[in-house]
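Asks: Let me begin by handing over the structure; questions about it come next.
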Amino acid sequence: MADDPTLGEVMRRLEDVRQDLKEDFRELGLRLDSKVSMERYQLEQQARDSQAALAVERITAIEQAREKDAETARQDAQKLADRRAADRRLAFTAIIAPVLMLLLTVYLNARGAGA
């Protein structure tokens, strides 16, 4: 009988177990309170997904606008180059060609007069 615990010892051990269980349940309750419900998690995830989709749409719109601006700039540059080429042709026909014709006429007259 020397190895058998006394009633007071058994009560103390049961009280310790009860106290440990209380602490464990309190910790479990705190952990459960800190968890997020599945519905809230799904709603937050949907909100993040929609924000990401909006960001992608904005980025796509910005890229398209930049491409459109670049295309417009290329077209403007081409128009400017075409206008410069037309101006050079006009300058040739309006200024240089008559001067050449005048020089040719003077040369022919001088050559004919000297003959």
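Quick note: the coordinates plus some simple rules give every number you see, no bench work behind them. Just so you know, these numbers come straight off a predicted model, no measurement behind them. Here the Cβ is made from the backbone with ideal geometry for all residues, glycine too, and neighbour counts use every protein chain on show.
Asks: Run down the lysines and flag those whose C-alpha is under 20 Å from the C-alpha of Lys79, throwing out any fewer than 8 positions away in its chain.
Replies: Output for Lys79: Lys68.
Asks: Still on this structure, please answer the following. Can you tell me the orientation of helix 38-91 relative to the chain, as the angle in degrees between its alpha-carbon axis and the longest Cα principal axis, to the nearest 10?
Replies: Around 10 degrees separate the two axes.
Asks: What number comes out for the charge environment of Leu28, summing +1 per Lys or Arg and -1 per Asp or Glu over other residues with Cβ under 13 Å away? Write down the numbers at each step before the final one.
Replies: Values: positive: Lys22, Arg26, Arg31, Lys35; negative: Asp20, Glu23, Asp24, Glu27, Asp33.
Net of charged neighbours comes to -1.
Asks: Moving on. What 222 nm value per residue comes from the helices of the chain, counting each DSSP H run with n ≥ 4 as -39,500 (n - 2.57) and dividing by all residues, nearest 500 deg cm²/dmol? Can you show the working numbers first?
Replies: Working: 3 runs with 100 residues, N = 115.
Taking each H run of at least 4 residues, the total per residue is -31500 deg cm²/dmol.
Asks: On a 0 to 90° scale, report how tilted helix 97-114 is relative to the longest principal axis of the chain, with both axes built from alpha carbons and the result rounded to the nearest 10.
Replies: It is inclined by approximately 20 degrees.
Asks: Hey, any idea what Rg/Rh is for the range 57-106, computing Rh the Kirkwood way over Cα pairs?
Replies: Numbers: Rg = 21.2 Å, Rh = 13.9 Å.
Looking at the range 57-106, the ratio lands at 1.52.
Asks: Right, something else. Using only the alpha carbons of the chain, what is the convex hull's orientation-averaged projected area in square nanometres? Kindly include the intermediate steps, with their values, before the conclusion.
Replies: Details: hull surface 74.8 nm².
Mean shadow area of the hull around the Cα atoms is 18.7 nm².
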